[in-house]
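The values are calculated or read from the model by the stated rules, or taken from the named source; none is laboratory data. These numbers come from a predicted model, not from an experiment. A quick note on method: Cβ atoms are made from the backbone with ideal geometry, for glycine too, and the neighbour counts reach across all protein chains shown.
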Amino acid sequence: MAASALLHHAARPRAWVCRQCLLRQAGPRVPVRPITQGHLRKTIEAEWQWKEQAKEIKAGHKQSFLSMLEERGFVHQIAGTRKVLNNVMTDKRIAAYCGVDPTAASLHVGHLLPFMVTFWMYLHGFHAVTLLGGATAKIGDPSGRTTAREHQASATRKANMAQMHIQLKKLWNSVERMGRKHGYVREWAWRRALMNNNEWLNKLDVVEFLRVMGPAMRLGPMLSRETVKKRQQSGDGMSFAEFSYPVLQAWDWWHLFSSPNGVQLQIGGQDQFGNIVAGIDAINHIRHNNNDPVIGPKIYDPKKPAQDYLKAPYGLTVPLLTTSSGEKFGKSAGNAVWLSPEMTSSFDLYGFWVGTSDADVERYLKLFTFLPLPTISKVVEEHKLDPSKRIAQHLLAREFLDLVHGSEVAERTAAQHQSLLGRPSQPTDASNETSDAFDLEDSRGKPLRASDPRYFANAASGNKFAPKVTAENAPFLGTFLPRSLVYDCSFAKILYAAGLVASKSEGWRLVSNQGAYVAGKPSQVAAMGDSLKWTPIKYHDSGIPEKFIFDENQLMLRIGKWKIKIITIIPDEEFAAKGLTCPGWNAEEGRPEKEGRGSKEDEI
């Protein structure tokens, strides 16, 4: 029997699995992007060009980048010696970053000053990073403050973060355009990025954080900070959260420094010098005492101390933005000039710069425009011939609005100001302009039905002639909607009420084409979290939008890249009491409009 069983098993064929089954068992293959010969060639060419440029600078045939910054008035303090920073920026295409916390709904003019250094670095071939402090905004930087910041609601913080993110994206688009305008031809080696420290701080392990950063931050220097002393002496004190802010900022820098690009330079305002120095000390401590192979190339090598300057971190601060009389302006000073047109209109922003004193205008032209210095000198000399014309101030205003709001807005606002000066009794303002974009007729002169694709405002919903939405003409992000126009409603109806589409039928078509997005996921009913992730809208059913509401009354919708609405849902009574209105709302009766009869699409 045993022999029979043995023969039986021996006669069995061996198991055979086909190649396709093996591939399925192995799971999906992760695509790996190979480093091509073309990429290697471009990298070698970029390194060679940088070395050739360094030779010209050292020979005195070309101005160094740091000297250019000093000539334009950007440099207030340097963390490290000026000579070493100049050498490293000449010898190496370093990466730099500048950050901002979204503690308000918009950037202001003061914020733009350190960002201008980042923009200039990008246009000169360096790697540039703008960092949005989505996580650190929960705490707030205590630097220069005599009192603690007021606590911000989660919904407010997320709305600020979304609006500032879009604002920074628009600025980068403008920098690319302004660079071309002033003769800076984009090269392959140019790199820029917009990042949010939510990406790493929200999932940071506290033990790992203390293990790496704890030994690098000493209590003595932290307690000796001027801000800490003043808060202790005033009796208000300082919370542990605020006290720890420089440690989190140092971790941000360490995270960027230890990344493949290795961000070596931090750029900040004058009040950030202490935080920057603390970050440098922390990073240098880690470099000298950490043998982690992840940061291998950046670890201090005692055998090659002369070359360590090419690996070390550095800092640069810009001067405080003041007038010639010493008056400073910003959010803390209570006289901030905002970059958002909803907070400071384009007309008022233009007027702010036109009102610049003759003593300040040349300095501001150097700081806030990409105009060459010879052009600025020529304009200032021309201005001195007849200061009443304010030629330099008008140029400053146009260039600034071109950067912040786009060339079309800049030219239109300049024309409005000229009109105002010529006919003071007939002022014009962009807020008074009305659009007839949707007053459309067909070839026989009859008004188009709301369901006709030619009426639609978005190309993704069927109108190929719809105007393209760009960074320059994107609508304002925030709006209020009554509860009855959100709950038990379809996404198509909400898109219409929020002003993202011209009709409910366009909203229906857009959802059908999956051309609209909602922030978050259905599982995040209670809280969305601080990172924005967009989900394509796929269903027309009423009631589904409620699953995406976060923080009790917030809903975010997006069409394309730039059309975003941050919707705050309020009771119908409050909406009516505020005198607000929106498509689909009967302002006279204080309730939603009655649905009219028509096609299925019109009765959404």
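Report yes if Asn160 is under 20 Å from Lys563 (Cα atoms), modelled with pLDDT of 90 or more and assigned to a helix (DSSP H, G or I), otherwise no.
no
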Based on what the data block shows, is Tyr245 farther than 20 Å from Ala95 by Cα and at pLDDT 90 or above?
-> yes
Report yes if Leu194 is within 20 Å of Gly478 (Cα to Cα), at pLDDT 90 or above, surrounded by fewer than 22 Cβ atoms within 10 Å (Cβ to Cβ) and touching a strand residue (DSSP E or B) at 6+ places or on another chain (Cβ under 6 Å), otherwise no.
-> no
Quick one: which strands (runs of 3 or more DSSP E) sit completely within the stretch 533-572 and have at least 2 residues that are closer than 12 Å to Leu495 by Cβ and touching a strand residue (DSSP E or B) at 6+ places or on another chain (Cβ under 6 Å)?
-> 554-559, 563-570
Provide a single number: the residues in the stretch 163-209 that are among the aliphatic types (A, V, I, L, M) and part of a loop (DSSP other than H, G, I, E, B).
-> 3
Residues of the stretch 57-77 being surrounded by fewer than 18 Cβ atoms within 10 Å (Cβ to Cβ) and touching a strand residue (DSSP E or B) at 6+ places or on another chain (Cβ under 7 Å), which ones?
-> His76, Gln77
Consider only pairs whose beta carbons are under 7 Å apart and that are at least six residues apart or on different chains; among these, list those whose first residue lies in the stretch 378-403 and is in the same structural domain as Tyr350 (by TED's automatic domain parsing) and whose second residue is hydroxyl-bearing (Ser, Thr, Tyr) and part of a helix (DSSP H, G or I).
-> Leu396/Tyr364; Ala397/Tyr350; Leu401/Ser346; Leu401/Tyr350; Leu401/Thr413; Leu403/Ser174
Hey, any hits in the stretch 224-237 for a residue that's touching a Gly at 6+ places or on another chain (Cβ under 8 Å), more than 28 Å from Arg93 (Cβ to Cβ) and among the β-branched types (Val, Ile, Thr)?
-> yes
Scan the stretch 97-111 residue by residue and report those that are assigned to a strand (DSSP E or B) and among the hydroxyl-bearing types (Ser, Thr, Tyr).
-> Tyr97
Considering the stretch 163-188, residues that are aliphatic (A, V, I, L, M) and modelled with pLDDT of 90 or more, and then whichever is nearest to Arg93 (Cα to Cα), we arrive at Val175
Any chance Lys229 is within 30 Å of Phe368 (Cβ to Cβ), out of contact with any Cys (no Cβ under 6 Å at 6 or more places or on another chain), among the charged types (D, E, K, R) and part of a helix (DSSP H, G or I) | no
Selected residue (only one of His127, His111 is crowded, with 21+ Cβ neighbours inside 10 Å, within 17 Å of the chain's Cα centre (by Cα) and within 25 Å of Leu396 (Cβ to Cβ)) | His111
In the stretch 496-529, residue surrounded by the fewest Cβ atoms within 10 Å (Cβ to Cβ) [restricted to those that are at pLDDT 75 or above and charged (D, E, K, R)] = Arg509
